[in-house]
Each structure stands twice: as structure tokens, then as C-alpha cells.
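The values are calculated or read from the model by the stated rules, or taken from the named source; none is laboratory data. Keep in mind that this is a model prediction, so the values were computed, not measured. FYI the Cβ positions are ideal-geometry reconstructions off the backbone, even for glycines, and counts take in every protein chain you see.
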């Protein structure tokens, strides 16, 4: 009778990790790195503090800590950042009447990469394949202008990205837009330094890369240009405008928080 109610060794609920150990894991994750490495993994952290990798993963997940991921981040040092930001977003949210707003930029040095072997097609249980190595066949530069209202894109591939090519592209736009023949003028608005994310055409460049370039094989620069023009024509058959929703105030608040965080890191 004396042994009734006792839990045999190895049975029952395992003891939870003490709060001090959880705090140690969180502190190490945020404020240190494993020796010779850039970031913690669940296994390296588990070995460091003496718990299981699964326990480390649960602690990270509960606190939205993701040491295996990294995002790009840079604050603009443009002295006219706020002025340009408000101006650009005003064109998106409250465009001028009887005017066409075009977001223009260049995607420079697009490489015509050819794979060293043909790709194998997708089959059941296996994704399409492509070789890890490639052959470089030259580059081209794409100048593009996105019509904010319609989503249509005017594009032209040129061999270089000097100011001469930029002026050639402006003439291309002038031919495409009939109203400019009667009103031959451009009102230029500039994005702040290191703030290409403000330019909606950059989002279209991302779609071009994901859908037409990254998995492509191009035997020559003319072949690359043809594929870009093919994607451009397909896009313009059913263009959809890219809608900007963020206000200037909301962005400026995020930038202010970022500057405070950056200043704190510099002080430390």
C-alpha cells in the first residue's frame, strides 16, 4: 500500500524548462552568435544551453524569433527624403487631373544566362530541374515605365544605361502616348536615395524576374531581349494596376522607429 500513488521513474509529464533557461535562450538568440557562425540554429542553441532542439524551436516560435532568416534594410540618408516621399506618394494616392503618372526606372545588367544542360520536365513526384551552373552570354538593360492608372508597361531594351539611352527611352514614351504630342513635356519626380521600393515599376521588375528570367535559359542577348518583350506583350494584353495603399505618415513613423533603433545599435 505504501507504493500506491507513486509514479514510476520515466513516466508521467516531463518537467518544464525553468524560466531562467528560457530567458537565457532568448537573450543568446538576440544578443550573441555561435562562435565562427553568423546565426543560431536550433541544434547549435540546444547544444549550447543543454536542452533539446524541439524545445528551442518551441521557444522561438512562441516569441516569433527567426534567427535563420534575414531581411534587407537600409534607411535613406537623402536630406530631402520626407519631401520626396510625400511628393511620390501623393502621385499614387491623389494623382493630378488630366495627366498620366508613369513610374520609370531601369533594370540594368540583365544577364543572358544559358544552362550547361537541358532541363528535365516536371513529372509526378519530381520538380522541373535546371543545372546549378550556367554560361554567360552578355547583358542588356531594360528601361521601363509603368502607367499607374492602367498597369500598362512601356519597355525598351538597350545595350547600356547611360543618359543617352535614357533620352532615347523618353522619346519612345512620347511616341506611345498620343497626348504628349500636343503637350510635349515631362514633369519629373524623384524617389529619395536608396528608396527604390517607392517606385512601383520596381514591383513589376520583380514579377518579370520571377516569371520570366530566373528560371529561363537564354542562348544569346537577342534571345533574352525577345523573351523580355514577349513577357511585356503578354502583360499588356490584360494589364492590372498596382495599387499603392500606404500613406506618407505611416511610412514616416516606421522610418522614425528605424532611425531610433539604428542609433541605439551604433551607440552600443
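Can you go through 29, 44 and tell me which one is farther than 28 Å from residue 255 by Cβ and modelled with pLDDT of 95 or more?
Values: 29 fails: farther than 28 Å from residue 255 by Cβ.
Matching residue, one of 29, 44: 44.
Going by the conditions given, is residue 175 in contact with a helix residue (DSSP H, G or I) (Cβ under 9 Å, 6 or more places away or on another chain) and modelled with pLDDT under 65?
Values: in contact with a helix residue (DSSP H, G or I) (Cβ under 9 Å, 6 or more places away or on another chain): yes; modelled with pLDDT under 65: yes.
Yes: the conditions hold for residue 175.
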Fill in: Any hit, segment 119-131, residues being touching a helix residue (DSSP H, G or I) at 6+ places or on another chain (Cβ under 8 Å), surrounded by 12 or more Cβ atoms within 10 Å (Cβ to Cβ) and at pLDDT below 90
no
Response to the item:
Across (1) over 26 Å from residue 132 (Cα atoms); (2) in contact with a strand residue (DSSP E or B) (Cβ under 9 Å, 6 or more places away or on another chain); (3) surrounded by 14 or more Cβ atoms within 10 Å (Cβ to Cβ), residue 213 clears everything bar (1)
Worksheet item: Would you say residue 116 is closer than 30 Å to residue 217 by Cα and either free of Cβ contacts under 8 Å to residues at least 12 places away in the same chain or not assigned by TED's automatic domain parsing to the domain that holds residue 193 (or both)?
Response: no
Worksheet item: Would you pick out the residues in segment 210-236 that are without any contact (Cβ under 8 Å) to a residue 24 or more places away in the chain and assigned to a helix (DSSP H, G or I)?
Response: 210, 211, 212, 222, 226, 227, 230, 231, 233, 234
Worksheet, complete the sentence: When segment 65-87 is checked residue by residue, the ones that are surrounded by 10 or more Cβ atoms within 10 Å (Cβ to Cβ), in contact (Cβ under 8 Å) with a residue 24 or more places away in the chain and under 20 Å from the mean Cα position of the chain (by Cα) are 67, 68, 74, 75, 76, 85
